[in-house]
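The values are calculated or read from the model by the stated rules, or taken from the named source; none is laboratory data. Small disclaimer: the values here were computed from a predicted structure and weren't measured. Note that each Cβ is placed from the backbone with ideal geometry, even for glycine, and that neighbours are counted across all protein chains shown.
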Amino acid sequence: MIALDPKTIGETMGDIRTVAAATGARDAALDLVARQRARIDRVRVAVKGAERPSVAAIEWFDPVFTAGHWTPQVIDLAGGIDVLGFPGEHSEQTTWDAVAAAQPEIVVCMPCGYDAARSLQEAETFAEQLRGVGARRVVAVDAAAYFSRPGPRLVDGLELMGHVLHPELIELPEGVPGPLEVQL
C-alpha cells in the first residue's frame, strides 16, 4: 500500500515517480514528468512579463470555499495572483464579503468534483453573490477533470487556467474544453 497526499504540483510529480517505482514503470514515469515539466515551463515563459490579474478560485458555493492545495500555485504559474488561497494549504471556508473585499478581477468557479456544465449551473445559482464580488469576468471550468484531483491532468488545468487569464498568450490544449462564461 502506498499513501499519497500531494498538496502541490511538485509533490504530484513526485508521486508519479513513487507509483512508477512501485510498479516497475520508472522510465515511463521519468518521461511523463519531463513532458509535464516542459509544458509547465511553456506556460511560465508565455506569461512572463504579462499583466497579472487578481483571481479568486471558488471551490464551493454554500458555504463558500476558496481553492487550496495546488490551485493557488496553478494560478501563479498561469500568470495570475490568487487573492484568497495559499499554495500547499487546505481549501478554506470564507464569506462572500471576504471574496468581494479581495477585489478579484477574475473569478474561476470550480466546485470540487463537478464538470464545466455543472460548475456553470452552480455559479448561476449564486449569480447574485458572484455579481456582488465585482469581478470583470466570471468563468466556470471542469474541476473534476483538471483541478480537483492530483495527477498528470493538473498540467492540462494549468494550460486551461493560462488560457482563462491570458487567452491572447495561451491556447487551449487539444481536447480540453474551454471555460464557460457566467452571465451575471
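Worth a mention:
- Residue match in segment 166-178 (condition: part of a helix (DSSP H, G or I), modelled with pLDDT of 95 or more and within 26 Å of residue 35 (Cα to Cα)): no
- Scanning segment 152-175 for residues that are of a type in the set (A, V, I, L, M) and surrounded by 18 or more Cβ atoms within 10 Å (Cβ to Cβ), we see that the one that is nearest to residue 31 (Cα to Cα) is 155.
- Among the conditions (1) more than 16 Å from residue 149 (Cα to Cα); (2) crowded, with 17+ Cβ neighbours inside 10 Å, residue 110 misses just one, which is (1).
- Residue match in segment 110-120 (condition: among the basic types (Lys, Arg) and either in contact with an Asp or Glu (Cβ under 8 Å, 6 or more places away or on another chain) or under 17 Å from residue 163 (Cβ atoms) (or both)): no
- Flag for residue 119 being in contact with a Cys (Cβ under 9 Å, 6 or more places away or on another chain) and either in contact (Cβ under 8 Å) with a residue 60 or more places away in the chain or at positive phi (or both): yes
- Annotation note: Cβ proximity below 6 Å between a residue of segment 74-94 that is of a type in the set (A, V, I, L, M, F, W, C) and a residue that is part of a loop (DSSP other than H, G, I, E, B) (sequence gap 6+ or interchain) occurs for 81/52; 83/102; 83/104; 84/102.
- Selection count, segment 1-50, where residues are free of Cβ contacts under 8 Å to residues at least 40 places away in the same chain and in a helix (DSSP H, G or I): 25
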